[in-house]
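Written below as structure tokens is the structure these notes are about.
The values are calculated or read from the model by the stated rules, or taken from the named source; none is laboratory data. Just so it is clear, the model here is predicted, and its values are computed rather than measured. Cβ coordinates were reconstructed from backbone atoms using ideal geometry, including for glycine residues, and neighbour counts include every protein chain displayed.
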Amino acid sequence: MQFKSSNLLRTLNNFTIRTITGVLFVIGIIGSVILSKWAFAALFMIVAIGGFLEYSKIIRLSKAYPHKLAGILLSLLLYSTIVLWEFGIVGSEYLLLNLLILPALSIVELYRKSASPFMNVAAGFLGLVWVVLPLALLSGFFNSEAEGVWLQSGALLGFFLILWIYDSGAYIFGSLMGKHRMLERISPKKSWEGFVGGSLAGILTAYMISASFTEFSFGKWLLVAVLIIVFGTFGDLVESMLKRSTGVKDSGSLLPGHGGILDRFDAVLLAAPPVYVLLYFLR
């Protein structure tokens, strides 16, 4: 009984720290969404570059050394061209500039003294595609044709609300009732009980969102929720795979109770692309 009480207390303490940090972070994200699409895009440009730098730091432990300055500059190129195209500022032809990313990474390696130049190129390219690209796609969730800021940002707010509540539900149910591990060699703490509990919370959230953001029916919101839950879970596992392969516990320490940027946005990185594709066809 004492062990169970201690475990419950530890869970509640961790959840409190996660909640406080999460609430502050949620306020920042929702505030930027409501303020303007440009405020959100600027905030997530910082997040994207920070995430790429975290990734670069971790991947170095596997003896791959992507060039930091080149990575930052190419992150800005990739992010800005996508966002400006999504906002209708530039035409789709400007997206072709991103075809220069691989040649640029390759040329940079010619002037570096490295024993594994092609690994460096591959690692840098993966970081841009895995981290920067999905975060840039989020700005495309805004629907400029809808009336009012609230409805224009409905898909984006719904995406985050479903993801956050699913994640919180999975953490609570998994911590208290988790017995059957989902993929223990990759993530020892992730359980099927947490997945089921989180999924129910995410689906319930989709139902409640459908009453406020009527741009989509409950059926469509349910489809969005399923994509978020499935790909978000894989996103978490993929980041865990990266950390386990390099012997890292957390990607960083920026967010108490959550770790680093990659720890907080790991689910977003794989969930954003399929949801983006779905929203494109729903409209």
Single residue of segment 167-186 satisfying the filter (among the hydroxyl-bearing types (Ser, Thr, Tyr) and crowded, with 19+ Cβ neighbours inside 10 Å) that is nearest to Ser240 (Cα to Cα): Tyr171
Any chance Val224 is assigned to a helix (DSSP H, G or I) and in contact (Cβ under 8 Å) with a residue 40 or more places away in the chain: yes
Residue match in segment 229-241 (condition: touching an Asp or Glu at 6+ places or on another chain (Cβ under 8 Å) and aliphatic (A, V, I, L, M)): yes
Count of residues meeting criterion [polar (S, T, N, Q) and either touching a strand residue (DSSP E or B) at 6+ places or on another chain (Cβ under 8 Å) or surrounded by fewer than 18 Cβ atoms within 10 Å (Cβ to Cβ) (or both)] in segment 193-219: 3
Number of the exception - Lys190 against (1) buried (at least 16 other Cβ atoms within 10 Å of the Cβ); (2) within 20 Å of the chain's Cα centre (by Cα); (3) in a helix (DSSP H, G or I): (3)
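Quick check: anything in segment 107-118 more than 20 Å from Val33 (Cα to Cα) and touching a Gly at 6+ places or on another chain (Cβ under 6 Å)?
Checking segment 107-118: not a single residue is more than 20 Å from Val33 (Cα to Cα) and touching a Gly at 6+ places or on another chain (Cβ under 6 Å).
Can you confirm whether Leu161 is closer than 21 Å to Ala271 by Cα and surrounded by fewer than 16 Cβ atoms within 10 Å (Cβ to Cβ)?
On the way: closer than 21 Å to Ala271 by Cα: yes; surrounded by fewer than 16 Cβ atoms within 10 Å (Cβ to Cβ): no.
Against the criterion (closer than 21 Å to Ala271 by Cα and surrounded by fewer than 16 Cβ atoms within 10 Å (Cβ to Cβ)), Leu161 does not qualify.
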Of all residues making up segment 78-103, the number that are surrounded by fewer than 17 Cβ atoms within 10 Å (Cβ to Cβ) and either in contact with a strand residue (DSSP E or B) (Cβ under 7 Å, 6 or more places away or on another chain) or in contact (Cβ under 8 Å) with a residue 24 or more places away in the chain (or both): 2
Lone qualifier among Leu61, Leu73 - being at pLDDT below 95 and farther than 21 Å from Phe142 by Cα: Leu61
Selection from segment 256-281 of residues that are surrounded by fewer than 19 Cβ atoms within 10 Å (Cβ to Cβ) and either in contact with a Cys (Cβ under 8 Å, 6 or more places away or on another chain) or at pLDDT below 90 (or both): Pro256, Gly257, Tyr280, Phe281
